[in-house]
Amino acid sequence: MGYETRKVLRDLPSMEKILGDPRLQDFEKILDRERLKIICRQMLDCWRAKILEQEISRYDEGQFFAEIGSALQSRLSPSLRRVINCTGVVVHTNLGRSSLAEEALRAVQECSRGYSTLEYNLERGSRGQRNTHIEWLLCQITGAEAALVVNNNASAVLLCLAALAAGREAVVSRGELVEIGGSFRIPDIMKFAGAELIEVGCTNRTHLRDYAEAITDQTAMLLKVHPSNFRITGFHCQVPREDLVELAHSRGLLLMEDLGSGSLVDCQQLGLQGEASVMDCLAAGVDVVTFSGDKLLGGPQIGGIVGSRAIVDKLRRYPLLRALRCDKMTLAAMEATLRLYLKGQWKQIPTLARICLSGQELHDRAKALQDRIDSDLSRFGLITGLVPVEDAVGGGAYPEEPLMGWAVSIRLADGSLSAGALQERLRKTRIPVIAGAQDNALLIHLRTLDYNETDELMASLLEALEAH
Ligand SMILES: *Cc1c(COP(=O)(O)O)cnc(C)c1O
């Protein structure tokens, strides 16, 4: 270690000096001394390391205390924060998938601020079941005989496989053995559930006879899995659901389907085509269907299971269910969301409303936003434009069916800030904005931007440009 380095290290303040500094006084009122010490120690260690690496060549007291201040401030502020989604991806898994409908939010507040009938039957004045709040609704909407909800769709699949196929075999097409969202893999879930995976067919083609030939006296079910974002194009085929139903039932087996992004409205009503709804699966005769609550359904994170009374009863008695049950906030949000479907008011569900936005509506909104940016932020020398864009449903649904939308493009006339730099600045504003970029221009997609978020978006844009 050189003389200079040693000198800079010696300049670093002692813990005592740091804790006594008036700049930390405000924090001392909120955090106890030991906790404060831990964070200051980390900052000291961090500076020491940087000095040794010669990334820092002198001790700057102002900078040091500013860094401690912002480290403390960030520990005291929420980490899970709201953001403004300007990506045009409606069911954006990293941004929390579906936003809840107003009714669902009200129900969450109402049922969580105080006590609730979560497991209480008012009629009898005794213990009730948490599942009753949503079962009738799910059955009414989907036409199922019985229904159950668990923590998410991954747990729905796990529960079904464990309760219905443990110690036996489940037959799946190789074309459907895909990884979803970086961690959900049917072979792994199958292993946890204690069921044996029997793979049939090839990645691109699986025929009915492949399933038929794989059936033994150990087979419990045929399993169909939605391939999510994965698409095979060209020469390929999978067996139609109806044929699988017929084969399964003729051999005394169950057909289970993991639908993933289960829709509770016909896709044509959303202006989309090509994917089966939960109702379609049941009508085709599938014995048990699983789906997510926070994808196309537009509700909270939940795993829905619908099917025959006998199957659902079996699941309900299975001990694993206790480990997968939903919280009251989730159930309240789910019940309120389902009731919107029951009343035919599903357009009040943000996810569905966003999918249904027309090109004309989005164009009008984009134009209004562009005008506002041009007039309010003119001093920054921006070049704005209206750009037709391909938005996406997201959540693994309709990967090949883009939603035609509009975005406002923004770039600096003098080229002093790249689109990437502007994206980064927008991520660090008081209300972070996640936006797209194309041809070195920032893209604000209108589909996922709520009308009442416009003021906040403008404030964040201003903050990002001023920081420049
Ligand atoms: C999204 C998805 C899952 C996982 O659902 P979660 O609700 O995220 O647990 C499972 N299977 C398919 C086909 C999916 O699309």
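The values are calculated or read from the model by the stated rules, or taken from the named source; none is laboratory data. What you see is a predicted model, and the numbers here were worked out from it, not measured in a lab. Here Cβ is always computed from backbone atoms with ideal geometry, including for glycine, and neighbour counts include all displayed protein chains. With ligands, DNA and RNA removed, areas are computed over all heavy atoms of the protein, side chains included. Shrake-Rupley method; radii C 1.70, N 1.55, O 1.52, S 1.80 Å.
Quick look at the values:
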| item | result |
| --- | --- |
| Beta bridges by DSSP in the chain, antiparallel share as percent, to the nearest 5 | 60 |
| Accessible area of segment 88-208 divided out per residue, in Å², using a probe of 1.4 angstrom | 50 |
| Computed [θ] at 222 nm, deg cm²/dmol, the chain (DSSP H ≥ 4; -39,500 (n - 2.57); rounded to nearest 500) | -12500 deg cm²/dmol |
| J(HN,Hα) series, segment 189-196, from Karplus relation 6.51 cos²θ - 1.76 cosθ + 1.60, nearest Hz, glycine and proline x | 4, 4, 5, 4, 6, x, 9, 9 |
| Cα-based Rg and Dmax for segment 57-158, where Dmax is the largest Cα-Cα distance (Å) | 22.7, 75 |
| Amide hydrogen neighbours beyond the local backbone of Val200, cut-off 5 Å, H modeled | Val172, Ser173, Arg174 |
| Calculated SAXS-style log₁₀ I(q)/I(0) at q = 0.11, 0.12, 0.14 Å⁻¹ - segment 287-419, Debye, Cα scatterers | -0.63, -0.70, -0.83 |
| Ratio Rg/Rh [Cα only; Rh per Kirkwood] for the chain | 1.06 |
| Under the Karplus curve 6.51 cos²θ - 1.76 cosθ + 1.60, θ = phi - 60°, whole-Hz ³J(HN,Hα) for segment 238-252, x wherever Gly or Pro sits | 10, 7, x, 3, 4, 5, 5, 4, 4, 4, 4, 5, 5, 10, x |
| Quotient of C-alpha Rg and 2.2 N^0.38 Å, computed over segment 198-274 | 1.23 |
| Over 27 Å (Cα to Cα) - which of Lys191/Lys314; Lys7/Lys37; Lys343/Lys367; Lys295/Lys367; Lys314/Lys347; Lys191/Lys328 fall in this group | Lys343/Lys367; Lys295/Lys367; Lys314/Lys347; Lys191/Lys328 |
| Nearest-ten-degree value, helix 33-52 long axis tilted from longest Cα axis of the chain | 70 |
| Percent breakdown of C-alpha pair distances by 10 Å bin, ordered from the shortest bin, for segment 301-358 | 18, 37, 30, 13, 1 |
| Three-way shape label, segment 383-433, alpha-carbon gyration tensor, a/c 1.5 | oblate |
| Compactness index (Cα Rg / 2.2 N^0.38 Å), segment 238-279 | 1.38 |
| Convex hull volume per residue in cubic angstrom - Cα atoms of segment 342-462 | 123 |
| Crossing angle, helix 61-76 versus the chain [Cα axis fit, 0-90 degrees, rounded to tens] | 30 |
| At q = 0.14, 0.19, 0.20, 0.26 Å⁻¹, base-10 log of I(q)/I(0) for segment 258-314 (Debye sum, equal scatterers on each alpha carbon) | -0.37, -0.65, -0.72, -1.07 |
| Rounded to the nearest 20 debye, dipole of segment 80-148 from Cβ charges on Lys, Arg, Asp, Glu | 360 |
| Carbon plus sulfur fraction of accessible area for the chain, probe 1.4 Å, in percent | 48 |
| Against the rule of thumb 2.2 N^0.38 Å, how large the Cα Rg of segment 392-468 comes out | 1.18 |
| Accessible area (Å², per residue) of segment 230-337, counting only protein heavy atoms and a probe of 1.4 Å | 40 |
| Sequence of Cys202, Cys139 from largest to smallest accessible area, 1.4 Å probe | Cys202, Cys139 |
